[in-house]
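Working notes, beginning with the structure itself.
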Amino acid sequence: MRILVTGGAGFIGSNFILYWLKNHPEDEITNLDALTYAGNLANLKSVENQDNYTFVHGNICDRELVEKVTQNMDLIVHFAAESHVDRSILNPEVFLQTNVLGTFNLLEAAVKNKVAHFHHISTDEVFGSLPLETTEKFTLSTKYDPRSPYSASKASSDHLVRAYGETYGLSYTITNCSNNYGPFQFPEKLFGLAITNIIEDKKVPVYGDGLNVRDWLFVTDHCAAIEAVIKSAAHDKTYLVGGLKKDVSNLEIVRLILKLMGKSEAEIEFVQDRPGHDRRYSVDWSQINQDLGWQPTVTLEEGLQQTINWYQENRSWWQPLKDKTASFFAQNYKKKV
Ligand code: NAD
Ligand code: TYD
């Protein structure tokens, strides 16, 4: 099978390429990535010389290029996106360009070049925010209610994918996954930032009261869910993918990281909250479990320890990225007054 992966130099995309080439060596992957601040070819060093892997440096908003690279593809797995909510608050325009118009370009090209199947990677954030102190979960019948420029742009892309299925007969699947963590995550998202700040002897910033809840999933479990959907799901299906059985707040996550790294809670610094900060995400992933037998395999404790080990062993990977991102940190973080 010839597969076009978009955004394959990012966190989940690169984990997916490594996962796929290991488990499906007979397939050929072309990785189309613009190498924004979040894209890093170092993630793919171990496969860069393989005959069944090709990198194309380019933007999914470049229509001519997208038309060219989608020729003769059997499958598109679409990860490329601007993915950080905080950046979408500071600079929303690029989110609309990449996540909406870029997805539109890919869909146009997929139809024109008769690509057999399009798998779209999306997020649980399209469903908005659940209240704390409930057991309510996002399900396949939850209405879309995005509340940040990031989630609104991803919601838009989901609608476009479905519209191309209905209108032009494009075969597609969508996965809406909860927050991922693991190796190669850009060190400005919660896990990478907390772990690397501790290594650097810096405080760990926690937004607001720290009680916000995310449904954390280890990245290789997400890759396995995508694989299950690509291999076995009926066409035009959407699946929700999530990780945890019970709520864990950001504060609990940070306390756990500090404990595993032998540090005290004095390292926590409460900072000004994110505007429009979604309170709680929780995903009902029973459908993908029932239909395809998928379930998370890595517990939070195991995944956290693996992630901590990885950042401890790979300082040369993250330190330059953090240094380059200093201006974002300066803009984004304000101490609580
Ligand atoms: P990331 O920010 O780490 O990586 C994004 C990649 O896309 C980078 O390699 C970047 O260079 C590339 N890219 C960005 N704009 C591009 C463009 N215009 N053209 C070509 N390439 C471009 O993101 P991630 O965390 O790996 O997320 C990947 C996908 O998964 C996104 O679609 C995101 O919405 C979705 N998702 C992420 C999470 C999460 O917790 N990180 C959870 C659910 C869904
Ligand atoms: P993040 O990793 O940015 O993912 P998302 O906003 O897409 O869910 O943030 C995860 C949670 O952690 C979110 O509730 C915001 C919070 N957070 C902090 O408290 N401090 C931080 O420095 C960061 C980056 C996030």
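The numbers here are math on the coordinates, done by the rules we state, and not lab data. Owing to the predicted nature of the structure, the values given are computational and were not obtained by experimental measurement. Note that we place each Cβ from the backbone using ideal geometry, even for glycine, and neighbour counts take in every protein chain shown.
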Inset, instruction - In whole Hz, with x marking every Gly and Pro, tabulate ³J(HN,Hα) for the range 131-142 from phi via Karplus 6.51 cos²θ - 1.76 cosθ + 1.60, θ = phi - 60°. - result: x, 5, 6, 10, 9, 4, 10, 6, 10, 5, 9, 5
Inset, instruction - Classify the range 113-260 as rounded, prolate or oblate from the Cα gyration tensor: take a ≥ b ≥ c as the square roots of its eigenvalues, call it rounded if a/c is under 1.5, otherwise prolate when a/b beats b/c and oblate if not. - result: prolate
Legend entry - Selection of chymotrypsin sites (Phe, Trp or Tyr not before Pro), the range 294-337, meeting DSSP coil and at most 16 other Cβ within 10 Å: TYR333
Inset, instruction - With r as the distance between the Cβ atoms of LEU90 and GLU269 and R0 = 22 Å, compute the FRET efficiency 1/(1 + (r/R0)^6) and round to 0.05. - result: 0.60
Inset, instruction - Work through the residues other than SER264 whose Cβ is under 15 Å from its Cβ and net out their charges, Lys, Arg +1 and Asp, Glu -1. - result: +1
Inset, instruction - Would you give the gap between the C-alpha center of the range 21-49 and the C-alpha center of the range 246-321, rounded to a whole Å? - result: 24
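Let me check I've understood the local charge: for ASN52, count other residues with C-beta under 11 angstrom from its C-beta, Lys and Arg +1, Asp and Glu -1. What total comes out?
On the way: positive: ARG2; negative: GLU26, ASP27, GLU28, ASP51.
Overall, the nearby charge balance is -3.
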Legend entry - Whole-Hz ³J(HN,Hα) from phi, Karplus 6.51 cos²θ - 1.76 cosθ + 1.60, for the range 112-117, glycine and proline x: 4, 8, 6, 5, 5, 8
Legend entry - Under-5 Å amide H pairs with VAL206, H placed in peptide plane, nonlocal only: GLU269, PHE270, VAL271
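So what's the range 57-159 giving for Cα Rg divided by 2.2 N^0.38 Å, two decimals?
Cα-based Rg divided by the globular estimate yields 1.20.
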Legend entry - Nearest 10 degrees, 0 to 90: helix 219-232 Cα axis against the chain principal axis: 20
Legend entry - the range 297-337: mean projected area of Cα convex hull, nm²: 4.7
Legend entry - Helix 315-324 axis, angle to the chain major axis (alpha carbon atoms, nearest 10°): 90
Inset, instruction - Sticking to Cα atoms, compute the Rg of the range 146-193 to one decimal and its Dmax as the biggest Cα-Cα distance, whole number, in Å. - result: 14.7, 43
Legend entry - Furthest towards positive pole of dipole, GLY102, SER122, PHE138, structure part the range 67-190, Cβ charges: GLY102
Inset, instruction - Quick one: which residues, 5+ away or cross-chain, put their amide H under 5 Å from the amide H of ASN180? H built at 1.01 Å from N. - result: LEU217
Legend entry - Per-residue ³J(HN,Hα) for the range 89-103, Karplus 6.51 cos²θ - 1.76 cosθ + 1.60, θ = phi - 60°, Hz, x for Gly and Pro: 6, 7, 8, x, 4, 5, 5, 5, 4, 6, 6, 9, 5, x, 5
Inset, instruction - Would you work out if the range 1-116 is rounded, prolate or oblate? Take a ≥ b ≥ c from the square roots of the eigenvalues of the alpha-carbon gyration tensor; rounded if a/c is under 1.5, else prolate when a/b is larger than b/c, oblate otherwise. - result: oblate
Inset, instruction - Please report the orientation-averaged projected area of the chain, defined via the convex hull of its C-alpha atoms, in nm². - result: 16.0
Inset, instruction - Kindly express, to the nearest 10 degrees and within the range 0 to 90, the angle between helix 300-313's C-alpha long axis and the longest C-alpha principal axis of the chain. - result: 90
Inset, instruction - Rounded to whole Å and ordered largest first, report the semi-axes of the equivalent ellipsoid of the range 113-200 derived from its Cα gyration tensor (root of 5λ). - result: 30, 19, 11
Inset, instruction - Run a plain Debye calculation on the range 234-292 (Cα atoms as equal point scatterers, no solvent) and give log10 I(q)/I(0) at q = 0.17, 0.19, 0.25 Å⁻¹, rounded to two decimals, same order as the q list. - result: -0.79, -0.86, -1.07
Inset, instruction - Sequence neighbours fewer than 8 away in the same chain don't count; with that in mind, list the lysines whose C-alpha is under 29 Å from LYS112. - result: LYS68, LYS154, LYS231, LYS237
Legend entry - the range 50-77-the range 201-243 distance, computed between alpha-carbon centres (Å): 26
Legend entry - Local electrostatic count, GLU67, Cβ distance below 15 Å [Lys/Arg +1, Asp/Glu -1]: +1
Legend entry - Sum of -39500 (n - 2.57) over DSSP H runs of 4+, divided by residues of the chain (222 nm, nearest 500): -11500 deg cm²/dmol
